[in-house]
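S.K.: I have a structure I would like to understand better, so I am pasting it below and will then ask my questions one at a time.
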Amino acid sequence: MSDQRQTKLYKEKQERVAKTIRREEVDKPPFMLSADDYFPYYAGVEKSTVTSYDMAADVVGKVSDDLQFDTTIFPWLPANLFYGPKIRILGGGTYTVRNFEKMQDPEKVRIMGPEEYPELIKNPNTYLLETVLPRRFEVLQDINPEEKYNRIVEAVLGEGQKFSNYMQACEEKGCHLTLSGLMVNPVDFLFDFFREFTGIVSDIKRCPELVRDAGLAISEAYKPIIRSMKPASDKAIFIPMHIPAFLSPRDFEKTYWPSFKGFAEYMVEQGHNVVYYFEKKYGHLFDYLQELPKKGIIGVFQEDDMRLVKKKLGSSMAVAGGLSTTLMQHGTKEECIEHVKGLIQDLCPGGGYFITPDTPMMYPVDGRPENLKAVADYIRDCRL
Amino acid sequence: MLDLKKITQALGDLDEKNLLDMLNEFIASGPTVEEAREVVAACQEGMTLVGDLYETGIYFVGDLIFSGEILTAALALIKPVIGAANGPKVGTMVIGTVHGDLHDMGKQIFKNMAEAAGFEVFDLGIDQPASAFIEKVKEISPDVVGMSGVLTLSLDSMKDTVAGLKEAGLRDDIKIIIGGSPVTEAACKRIGADAWTINAAEGVRIIQGWVS
């Protein structure tokens, strides 16, 4: 493809994405691929042969050229390049990278006791740097503060910059990325990094006020990070939603919702769009989601009925999902295209809908390449 | 003697403090082994209430997990009274999260509920290859094998595990149930399992049917 045509197509994608986030109607159905490790599989490239970000960007560019999707939330994340160096710098800790996947033993996640909430609430940054990170990464325990901070900065910022350059290279190859930054909602941060599942669920039952206040304190600590990010109309801060799917509305409202809502409002006030990845089912929380800011929000849904999602939330946020990976793996091309036609017919009118796989495509079993190609070609040529 | 209905209800209501207060009082009264067993049975009934409330959409997964925490704490209090004289087991099972998958939660919920229903459960842990299932089945000859997984990739591992059990000549002696978000009727057929579920309470009912 010529550079001129690639630039033109990229600009069209940018505009289509920005309009869909604003819930405006567009010229063709917007296709948001969520693929990650499926990129090298689709490209026919063995992951172990990709030893640099330049090579990884070539893989992403090749797939983008072939499928012409409008955007992908983030590009392929080559674990050996992205996590490997960070983990090495921090001495491994609770993580390992195996078979190009980052692994963490769930039994090692609980590195904070419930009695430590007051300390965390007092100053989340200090608590993270001085208490939690040295527990997670033993290499940080017996070194002087300067060396400790240097290691953390090298792991987080140094490797982060390499990934930013990689994202830029992907975009220059015509692959539009939605991602402008990655955050984790405050109470999910507690769950993912400090308390693991049984711990956080028990805290929510036993000391809900402390969980709520810890979430609010983490939210305050996040704000300088948000201010340092540059907003763009076709980009969004990506936030995977983890624990709310498992909470009753009552527990959610008491503990998760205050920092979730406040943080969403802050990001939107700062001019950002936010893409929430609602893992599993969220039907029991739709009433709350309707109270999120009425602009700048994209909700990607996994297991909820997308027609119901659009009906309930379509006037509050742009929505994404619905493309059955099960059908793409086990159905015929014709069945896949019929399925997509139905999504377009039912969900595209009025704008604000991205066609997106119902689960991130990570493995070969997440869809046959020929079916994905047929779906992508149909969407590319479809006009609304 | 303790009001057993109150024990059942406290666990069903996830009222941890009330339940443990009652149990501490009970233990302090110097109960017999038989009385302690009745209290354990009342706790098991409480777990059934929790399962029912989950199935009707009132409780969520977080509630199931917390009920397991409460049950563990309750049994830890009662165990010294019962000692080694455990009651009869309704069946034995081996469970594990299959190779390539580190998700623990669903397996843990199922384990809690199966144990509460009287099963002796041997938990292999997470990321377990077919060989680990085969070895354990050879060792203890369970009634049931349960495989758990959340990643779509885990379906392949489940299939490999069933094939391995078949190759080892063990398949016909056991029932196999699979669970986890990617599991479907079609996947169950491809894998060669006997049953599938995405609901721990339903899963326990299925395996109860197998051993009754």
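Since every read-out is calculated from the coordinates, none of them should be taken as a lab result. Computed from a predicted model, the values in this text were never measured in an experiment. Note: ideal-geometry Cβ built from the backbone for every residue, glycine included; neighbour counts use all protein chains shown.
S.K.: How much FRET efficiency would the formula 1/(1 + (r/R0)^6) give for B:GLU167 and B:GLU120, where r is the Cβ-Cβ distance and R0 is 22 Å, rounded to 0.05?
M.R.: 0.25
S.K.: While we're here: For a quick check: with amide H placed at 1.01 Å from N, whose amide H comes under 5 Å from B:PHE122's, ignoring anything fewer than 5 positions away on the same chain?
M.R.: B:MET93, B:VAL94, B:ILE95
S.K.: Let me ask something else. Helix B:105-116 sits at what angle to the longest principal axis of chain B, using alpha carbons and giving 0 to 90 degrees rounded to 10?
M.R.: 50
S.K.: What FRET efficiency do you get for A:ARG88 and B:SER212 if R0 is 51 Å and r is their Cβ-Cβ distance, rounded to the nearest 0.05?
M.R.: With R0 = 51 Å, the Cβ-Cβ based efficiency is 0.40.
S.K.: With everything on Cα atoms, drop me the angle between helix A:369-381 and the longest principal axis of chain A, reported from 0 to 90° to the nearest 10.
M.R.: For helix A:369-381, the angle is close to 70 degrees.
S.K.: Taking R0 as 51 Å, what's the FRET efficiency between A:GLN345 and A:LYS254 from their Cβ-Cβ distance, rounded to 0.05?
M.R.: For A:GLN345 and A:LYS254, the calculated efficiency is 0.80.
S.K.: Take the residue pairs A:LYS205/A:LYS254; B:LYS79/B:LYS107; A:LYS11/A:LYS47; B:LYS107/B:LYS175 and return only those whose Cα atoms are more than 19 Å apart.
M.R.: B:LYS79/B:LYS107; A:LYS11/A:LYS47
S.K.: Show that you can apply the helix-only estimate: for the protein assembly as shown, add -39,500 (n - 2.57) for every DSSP H stretch of four or more residues, divide by all residues, and state [θ] at 222 nm to the nearest 500.
M.R.: Value at 222 nm, helices only: -15500 deg cm²/dmol.
S.K.: Name the shape class, rounded, prolate or oblate, that the alpha-carbon gyration tensor gives for the protein assembly as shown, where a ≥ b ≥ c are the square roots of its eigenvalues, rounded holds for a/c under 1.5, and otherwise prolate holds if a/b is larger than b/c and oblate otherwise.
M.R.: Since a/c reaches 1.5 and a/b is larger than b/c, the shape of the protein assembly as shown is classed as prolate.
S.K.: Mind giving me the nanometre distance, one decimal, between the label points for B:LEU20 and A:VAL139, set 7 Å out from Cα along Cα→Cβ?
M.R.: Output for this residue pair reads 3.9 nm.
S.K.: Specify the angular offset, from 0 to 90 degrees and rounded to the nearest 10, of the alpha carbon long axis of helix B:130-140 from the longest principal axis of the alpha carbons in chain B.
M.R.: 50
S.K.: How charged is the neighbourhood of A:ALA43? Take every other residue with its Cβ under 9 Å from the Cβ of A:ALA43, and add Lys/Arg as +1 and Asp/Glu as -1.
M.R.: For residues surrounding A:ALA43, the net value is -1.
S.K.: Any idea how far apart A:ALA232 and A:LEU384 come out in nm if each label point goes 7 Å out from Cα toward Cβ?
M.R.: Taking the simple label geometry, A:ALA232 and A:LEU384 are separated by 2.2 nm.
S.K.: For every other residue with a beta carbon closer than 9 angstrom to the beta carbon of A:VAL17, add +1 if it is Lys or Arg and -1 if Asp or Glu, then tell me the sum.
M.R.: +1
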